[in-house]
Structures are given as structure tokens and as C-alpha cells.
1. Tell me whether the range 148-213 comes out rounded, prolate or oblate; compute the Cα gyration tensor, take square roots of the eigenvalues as a ≥ b ≥ c, and use a/c under 1.5 as the rounded threshold.
2. Mind checking the full-extension length gain between residue 184 and residue 319? Use 0.36 nm per residue of separation minus the Cα-Cα distance, one decimal, nm.
3. So how far apart, in nm, are the two label points at residue 459 and residue 399 if each is 7 Å from Cα heading toward Cβ?
4. Go through [x] 1.04; [y] 0.95; [z] 0.98 and flag the label whose value is the computed Rg/Rh (Cα atoms, Kirkwood Rh) for this structure.
5. If you take the square roots of the eigenvalues of the alpha-carbon gyration tensor of the range 527-572 and sort them as a ≥ b ≥ c, do you get rounded (a/c under 1.5), prolate (a/b over b/c) or oblate?
6. What shape does the range 470-607 have by the C-alpha gyration tensor, where a ≥ b ≥ c are the square roots of the eigenvalues, rounded means a/c under 1.5, and otherwise prolate means a/b greater than b/c and oblate the rest?
7. To the nearest 10 Å², what's residue 53's accessible area with a 1.4 Å probe?
8. Quick one: if the Förster radius is 22 Å, what FRET efficiency do residue 41 and residue 567 give, using the C-beta to C-beta distance and rounding to 0.05?
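The values are calculated or read from the model by the stated rules, or taken from the named source; none is laboratory data. Computed from a prediction, not measured in an experiment: that's the story for all the values here. All Cβ positions, glycine included, derive from the backbone under ideal geometry; neighbour counts span all protein chains shown. Please note that ligands, DNA and RNA were not included when accessible areas were found on the heavy atoms of the full protein model with its side chains. Shrake-Rupley method; radii C 1.70, N 1.55, O 1.52, S 1.80 Å.
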Amino acid sequence: MAAKNLVIVESPAKVKTIKKFLGSTYEVDASNGHVRDLPKSQMGIDTESDFELKYITIRGKGDILSKLRKEVKKADKIYLATDPDREGEAISWHLMKALKLDETKDKKIYRISFNEITKNAVKNSIKNPREIDMNLVDAQQARRVLDRLVGYKISPLLWEKVKRGLSAGRVQSVALRMICDREEEIDAFIPEEYWNLDASFKMPGSKKALTAKFYGDKDSRITIGNRAEMDGIQKNLEGQAYIVEELKNGERVKKAPIPFTTSTLQQEASKVLNFSTQKTMRLAQQLYEGVEVKGHGTIGLISYLRTDSTRVAEEADLAAREFIGAQYGSQYVAKAEQGTKKSGKIIQDAHEAIRPTDISLTPVIIKDSLQRDLFRLYQLIWKRFAASRMEPARYETTAVKIGAGAYTFTATASKLAFDGFMSVYAQEEEKEEANLLLGRLEKGMKLELEELLPSQHFTQPPSHYTEASLVKALEEQGIGRPSTYAPTITTILARRYVVKENKNLYVTELGEVVNRMMKQCFPSIVDTAFTANLEYLLDKVGDGTVEWKTVVRNFYPDLDEAVKSAQAELESVTIADEVTEEICDHCGRNMVIKYGPHGKFLACPGFPECKNTKPYLEKIGVPCPKCGKEVVIKKTKKGRRYYGCEANPECDFMSWQKPSKEKCPECGSYMVEKGNQRVCASETCGYREKIK
């Protein structure tokens, strides 16, 4: 019997899973993502006719549409079952247009969506079909149009003026700016010296010593800024008695974590599993769409992966609590509703958090069915969700104050009293503090000092962004949405604006050039507040309170004006080939500086007859502190800039900061430039002066 119902999903990977749930009266087929889009060869947006859009069938999708048209003819009911978000809603709408379903009178067309690919969720969605939500479609169209306007208006300008294959993007340009700003902060950071002072005491009846930290005087905390201050405090402590003045016992509660959103999953998978954002999303997509599990067939193991909500369906919440009660005991089940966070921002489409579709499918049960990395990600999601339904961990704490003349030392200890959620999910190994000896102390007890341990430290610059911390910063500033974090980072890495070394993201020379031009010519495009406000307006389009063309009408004139003024301003900027004193080994001409995707290089002006090229070593007019030859700007293999000696490998001098000609007047080491100051490169010296 021919199937009377046709279900169209996005991904072929879901077809098998869903077909199994629905039986023989349903045909399930896939669109393989979008079937229509704006053309690549032109902008496809008529800015003169109120932003009318020209959609075309995506190249290569003709056969898929032909097949779907044949299936549509056979069916009485068509269910559009694309993903439950803006992008999915838009794909359903484009399918309706491409298959002319809105012109079909004799067939019923439904939109269905489900947050997880399980039998119950799919069958319930069939029972509760709806119409396409045009507000969500319009929110996606507005986002697509804004991105297209920025890309198509600005990229050719960068290409033409800078003579490189550059491109700009609405979210990627802001992300690049944030990385560049952080790099500038790090470059300009000047370490401040500070000292710590620990005191080690003998404990009666124990070989272990008790360590306490210097706090300050009787009234307040004291920060020790240099060796002289440290010497003064140590002098004042000579001959002082160390007396236990105060003992306090208490309890510390460590709350259970909330379930994962897209952003927090990407951050935790990066930290714990060392996955890139792109890898995390690829694996999560597989877990969502369906995996073959022994004894269960093909099933979706997690709920939808693009979400900024921490809400959990009542059914899943109850199932988790029952499972925890049975497996761990009733004392482990969270009493109050927890694991959700309140937020001022609009949470996309009232999604659920990312969670396992069936809490009883523990990591142990499914381990043999999954590849290693799929298993590790599923285990992380499962543990986080189970933990979110559990009681907090509790610690017994002890704090002690030790008086020494005018000064105070403090020591603390904690002991795990109830592990709670940590029986399932310990984010970092919780170490019980070393001072478990505090229980032996009594108020008024005199302690025997073993030694004072002074240590010098310097404040550290802000950390370089990692993929995880960049995602967190983008989310905190309201830039991008769950579906855009991974593609944004992938794009700036692929364009070589940014490189990744040991998890850290570093801007390249190419990235600096693009960012400088964007800040100069299109300040609003790279303004974080402006971009966040635009995201807010797109959310308002999605909930039906703002019309999509209103957002575009307000945005476009400023962009158009900025492009025109940038064109005029950059008319005079001709990037002429700079002639150097370097002679071409092949033909004897003076070589010129050219720009390539990895930055500057030397090329023979006789191209195409002479194709000789060489690396360009840019001198900065500073002698090498080690051998006296010239310091030049170099790049790591991945494109990160540093300063090194031209005589390398004979001379191994290198510095991440720009060296100065001046020597340190105090210790004779070389100096580096940081912001508006010169700082001694020797960490133990600390000399600095303003650049005049």
C-alpha cells in the first residue's frame, strides 16, 4: 500500500530513525538542509524596491526537489518536520515555496517540530501539527539579509583596496575585533609586583606542618607590594608569639550545575574533552539525529542541540528524579526545582536544555555502541543533566585566625560531608584542603613557628581568548545565537584572520589589517553594543513584535552611507608595491613588497617572466640584544607575529613584545615596549619608564 503521508526532514540521518517510529503509512524523506537561497553571483536583494528578495534553487538541489515532488504527488498529507528553530522554520517555508505546496488545494500541509527524536516526541508532533510560524521565518530572513548586505557591500571594498582576498561579516567582524582588543590589552599590560607570606607551624603529635597565610593587621588586609615592605613585616614579626585567636566551624554548599545550553556545552567540551566548537556541534548533531544502540535500534540520544534555554520538560524532570532516587537514594534527589536560570534576554523559541532523551540509557549501557568521542560527549551531557536534578554537595569548613603581634595570619580547611551531585559530576577534582589538622587547634593555643616563607609574584595579563572563552564572551555580550558561535569561529580561522595555538586564539597580521579597516570605515558594524542590539531586534521579529523589513530599512541607509564614504576616503589609498633594496637572485631587479594570504612577502616585479619570491623580513631598527644584528618581525608557522634576530638560527633571540633600543638603566637587560611604557624584559628587575 502506498504511503498516504509524507514527512520531510532536513537530514538524511534522521530518515531511518523517524521511519521506524511511524510505520508503513508514512514515507520519510530529507531535503538535505536548505533548498533555496539568495544567489551567490549577486546580492539578490533589491534595495530600491523595499528589499524584495530573489531566491533561487541551490545548485545541486534540483534532483532532491524532483524526488520530493514525486513523493508529494503520492501523498494526501505532507508534514514539514525540519529543525525546531528559526533556520528550520525557514527551510520549511522554502520547501513549501519550492514544492508549490501553498498552491495545492487537494493536500493538507502541516508543520511539525520535535525537540528530540524519540517515538513519543515524533508521534506527539504528528498529533499536534501547526502552521508555519512566519515570525520565525521573517527573523531568519532578516538575519540572512543583514548578513548578506554586510558581506556583499564591504567585502569587495576590502578586496579592491587592500588587494587581498578579504571578507567581512556581521558577527565575524565583531568577534575578530574582540580578539584584537584582547591582544592589545595583553600587549599593553604591565605586570605589578606583589608578595605573599606563608607561615609554617609545627603541630603537636603530627609530622605534618600547618600552613597559614599572611592576612594583614588587626583592622584590614595588607597587600605587600615589594621586597622592602616584605622585609619590614618580617622584621616586625621577629620574636612575636603566634596565638590562635579565633576558630570558626561552618558549612559550605556547592550548588548543582544547571543543564547544558549550546554555549555551555561548547565551553565544557573544550575544557574537559579538548574539543573545538565545530567538533562539539558535529558530534552533538549525530547524537541528536540518531545512533545505532545495541538492543534499541537507531535512536536519538540527546534533545535538540541549538538552544539557549535551561528549561527541562516536566516528563524528563520527573524521569530523572525517579532514576536518581532508585540508583543513588532519595537523599540525592533535588528537593526544590533547580537547574534552570532566569535571564533578562529572550530565550530562543522556548527550547529545552540539552539533555539525554532517556536518562536510563546510562553511559555504561551505551558505551559499546558509540565511537570514543561520541561516547565522551554523551557521557558529559548525561552526567551534567543527572547532576542538575541532584542535591548540592556540602562541606564542613574550619577557619582559624592566628595573631602575631600587630599582624594576623589565616588558615582554612574543608572536608566533604555529603557529595550530592558530585557523585555523578565533578567539574574539577575537588581537593580537600591540606590543613585537616585544624581540628586539633584550640583558642588561645600558642603555635611553634617552623619558618616564614616569603614569595615574590607579578600580576598576570588577561588571558588570550580560547574558543570556549570567546563563545562565553559573545554570549555574555548578546552577540550571535546558539547556531552561530561555531560557524563564526570556524570562519575567522579559515580566513586566517586568527590562528589557534595550544587552545589560544591569536590574531594574525591579516586579521589586524582587516580589523583596522573595519574600525576605521565601519565602526558601527564592529561595535559590540550595536551588534547586540541588532540581535535583540531580530529576536523581536521572531516573537512578532517588530516587522522584519523595519529592521532592515533602519539598518541599510547607515551601511550604504558608510560604504560610500569609505570608498571616497580610500580612493586615495593605492597600495603601491614598495620597492626594497633586496636584489632578485634570478634577474637582478629590485624586489618589491607584495601582500598574500599569510601577510607580506618579497616578489620580483618582473612577474610573470620571473616568478621569484622570498620571505619578507621587516626590520624595526633595533639591534639584537644577543648578537647586535637587526631585529626583524617574524611569524610562527601558523601566522602569529613575534620579534626575532635576522641571523636565526645562529642567534636564537626572540620576543613576543617589541624590543626597544634602550637598555635597562638598572640591570642592563633589554627593554620591551608595552603601551606607552618601556619595561625591563627581566622579570626580577621590574624597571619601567614612560615613552617620551
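1. Prolate.
2. Once the chain is fully extended between residue 184 and residue 319, it gains 43.6 nm.
3. Taking the two extended label points, one gets 2.5 nm.
4. [x]
5. Oblate shape, in that a/c is at least 1.5 and b/c is the bigger or equal ratio.
6. Note, shape of the range 470-607 comes out oblate.
7. My reading of the accessible area for residue 53 is about 40 Å².
8. Efficiency for this residue pair is about 0.50.
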